[in-house]
Amino acid sequence: MKFRDYSPQEVFAGDAPAQRSPRVIIAPQRYVQGKGVLGQLGRHLSVVPSTRPALLISERGLKRVGRCILHSLKRIRVKPVPLVFGGECSDEEIKRHVIQLRGQDVDALIAVGGGKCLDAGKCVAHCVAVPVVICPTLASTDAPCSAVSVMYTPEGAFDRPWFFPNGPALVVVDTGVIVRAPVRYLVSGMGDAMSTFYEARTCFRNPRARTMIGTRPTAAAVAIAELGARLLFGDGVRALEAASRLKVNEAVENIVETNTLLSGIGFESGGLAAAHGVAQVMPMLPRLHKNYLHGEMVAMGLLTHLCLEGQLEEARRIAEFFAEIGLPVHLGHLSLNVDRHDRELDGIVREALKIFFVHNEPFKVTAQRLKGALVQAHHLGMEVSEEMGDEAYRRLHRLPGNPEAQFSRRISSGL
Ligand SMILES: [Zn+2]
């Protein structure tokens with residue numbers, strides 16, 4: 001099956017002179033967040049509007065929140081067409097669901113689960129030309145609000161981004177569900193969200209920088225990302241404490257909104273730079289792909305980004321915050337040894353330089369410079385880790401011993 005690709009770069013960047021690219025902001029049409037809102041999904045669905053939706057959810061997701069969703073839809077006499085998510089956001093998976101929906105006459109698609117299931121939902125909805133409703137069960141990334149999916153091969157290797165002309169019609173985030181997931185996901189989302197501000201700021205200040213969709217960042221997106229960083233510093237630790245006790249309080253609400261909405265708008269309409277360039281290529285190492293979450297790799301990417309820009313004080317402040325909540329602050333936390341894995345580090349640097357947004361930095365990013373920043377970030381993180389200890393990291397990764405020697409348990413996708 002061949003899908004017609006939409007290229008936002010052609011629409012927005014076109015052949016205009018570099019300085020004339022427009023500022024564009026993209027956001028979901030509606031965002032609903034609160035404890036128990038998934039139980040009101042039927043009510044919210046009526047404004048899409050939809051009376052015959054498809055429901056894409058994994059078997060595990062169905063066990064976790066299926067009853068609540070089906071009950072809510074039953075109350076408005078809606079019986080969804082079920083689609084079981086197989087675990088990977090690949091062309092094969094999408095094709096399977098598109099074929100299944102032939103002749104079903106659905107008018108919306110509800111995707112419920114983790115990042116890959118939500119991304120798959122956006123693709124299927126686009127292919128059958130219906131609005132997508134996104135219900136994240138984790139606050140681990142900023143994917144739910146964006147109009148792009150990350151495609152993988154069926155084996156799980158990165159394939160390509162897939163852009164859509166429309167963002168989600170509705171995003172429903174139940175904080176009561178989010179706090180019942182392991183807190184490591186929430187913490188990972190904080191790493192991803194913290195980076196959003198620094199990358200958006202870099203792009204905003206550099207007139208040559210472009211967002212993923214080929215536009216200039218909007219001031220609004222940068223302000224939204226900045227608010228996210230402020231909320232993280234102010235409420236991150238309190239949110240983690242509450243979520244660890246399965247409690248939802250205002251701090252949890254602030255951090256879930258930061259990880260999902262603020263960071264979502266921030267990265268898509270503010271732009272990415274070195275932090276995500278480094279983080280995005282790390283999963284090419286199978287043990288990193290298998291053992292670490294996106295936001296955990298972004299955390300190390302952000303420290304590298306700040307060292308690259310010479311913002312050492314800010315890098316230290318962020319490393320201290322990361323150490324407090326359990327994010328990686330040095331390469332050992334990502335099972336990388338700065339001496340023994342030198343070739344792997346070179347590989348990360350080499351691949352990162354191929355990603356266009358690494359070059360959103362206001363100076364020429366060379367292999368030598370990026371590697372130097374990565375190693376500098378590692379040493380800075382080691383210092384912070386020695387001063388503050390890494391209990392929070394060990395607790396999240398269930399490590400009794402040396403983090404370099406033991407990898408965290410496999411991260412399951414599609415929760
Ligand atoms: Zn990210």
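Numbers for the structure displayed
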{"item": "Region 183-217 - residue that is outside any helix (DSSP H, G or I) and in contact with an Asp or Glu (Cβ under 9 Å, 6 or more places away or on another chain) and, of those, nearest to the ligand (Cβ to nearest atom)", "result": "MET212"}
{"item": "Test: residue in region 165-182 that is hydroxyl-bearing (Ser, Thr, Tyr), within 14 Å of the ligand (Cβ to nearest atom) and touching a helix residue (DSSP H, G or I) at 6+ places or on another chain (Cβ under 6 Å)", "result": "no"}
{"item": "Residue among ARG205, ARG184, ARG201 that is crowded, with 21+ Cβ neighbours inside 10 Å and of a type in the set (Lys, Arg)", "result": "ARG184"}
{"item": "Pick from region 286-310, criterion outside any helix (DSSP H, G or I) and in contact (Cβ under 8 Å) with a residue 40 or more places away in the chain, ranking: farthest from the chain's Cα centre (by Cα)", "result": "GLU309"}
{"item": "Sole exception among (1) more than 26 Å from ASN254 (Cβ to Cβ); (2) β-branched (Val, Ile, Thr); (3) not in a loop (DSSP other than H, G, I, E, B) for VAL133, by number", "result": "(1)"}
{"item": "Residue match in region 304-326 (condition: within 14 Å of the ligand (Cβ to nearest atom) and modelled with pLDDT of 95 or more)", "result": "yes"}
{"item": "Exclusive hit being more than 29 Å from PRO362 (Cα to Cα), open to solvent by less than 10 Å² (accessible area, probe 1.4 Å), among the aliphatic types (A, V, I, L, M) and modelled with pLDDT of 95 or more, set ALA229, ALA129, ALA169, ALA193", "result": "ALA169"}
{"item": "Test: residue in region 13-22 that is surrounded by fewer than 17 Cβ atoms within 10 Å (Cβ to Cβ) and aliphatic (A, V, I, L, M)", "result": "yes"}
{"item": "Restricting region 150-161 to residues that are in a strand (DSSP E or B) and more than 21 Å from GLU296 (Cβ to Cβ), the residue that is nearest to the chain's Cα centre (by Cα)", "result": "MET151"}
{"item": "Enumeration of residues in region 98-127 that are in contact (Cβ under 8 Å) with a residue 40 or more places away in the chain, over 15 Å from the mean Cα position of the chain (by Cα) and not in a helix (DSSP H, G or I)", "result": "LEU101, GLN104, ASP105, VAL106, ASP107, ALA108, LEU109, ILE110, ALA111, VAL112"}
{"item": "Residue that is under 18 Å from VAL172 (Cα atoms), in contact with a strand residue (DSSP E or B) (Cβ under 7 Å, 6 or more places away or on another chain) and surrounded by fewer than 18 Cβ atoms within 10 Å (Cβ to Cβ), where the choices are GLY61, GLY66", "result": "GLY66"}
{"item": "Those residues of region 269-281 which are more than 10 Å from the ligand (Cβ to nearest atom) and open to solvent by 10 Å² or more (accessible area, probe 1.4 Å), in sequence order", "result": "VAL281"}
{"item": "Flag if PRO283 is assigned to a helix (DSSP H, G or I), of a type outside the set (D, E, K, R) and either at pLDDT below 95 or under 19 Å from the mean Cα position of the chain (by Cα) (or both)", "result": "yes"}
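Rundown of residues vs (1) away from the ligand (no atom under 14 Å from the Cβ); (2) open to solvent by 10 Å² or more (accessible area, probe 1.4 Å); (3) of a type outside the set (Gly, Ala, Ser), yes/no style:
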position: ALA219; (1), (2), (3): yes, yes, no
position: ALA225; (1), (2), (3): no, no, no
position: PHE233; (1), (2), (3): yes, yes, yes
position: VAL237; (1), (2), (3): yes, yes, yes
position: GLU253; (1), (2), (3): yes, yes, yes
position: THR260; (1), (2), (3): no, no, yes
position: PHE267; (1), (2), (3): no, yes, yes
position: LEU288; (1), (2), (3): yes, no, yes
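The values are calculated or read from the model by the stated rules, or taken from the named source; none is laboratory data. Nothing here was measured: the structure is a model prediction, and the numbers come from that model. When we count neighbours, we look across all protein chains shown, and the Cβ atoms used for this are built from the backbone with ideal geometry, even at glycine. Side chains are part of the model used for accessible areas, which takes the heavy atoms of the whole protein and leaves out ligands, DNA and RNA. Shrake-Rupley method; radii C 1.70, N 1.55, O 1.52, S 1.80 Å.
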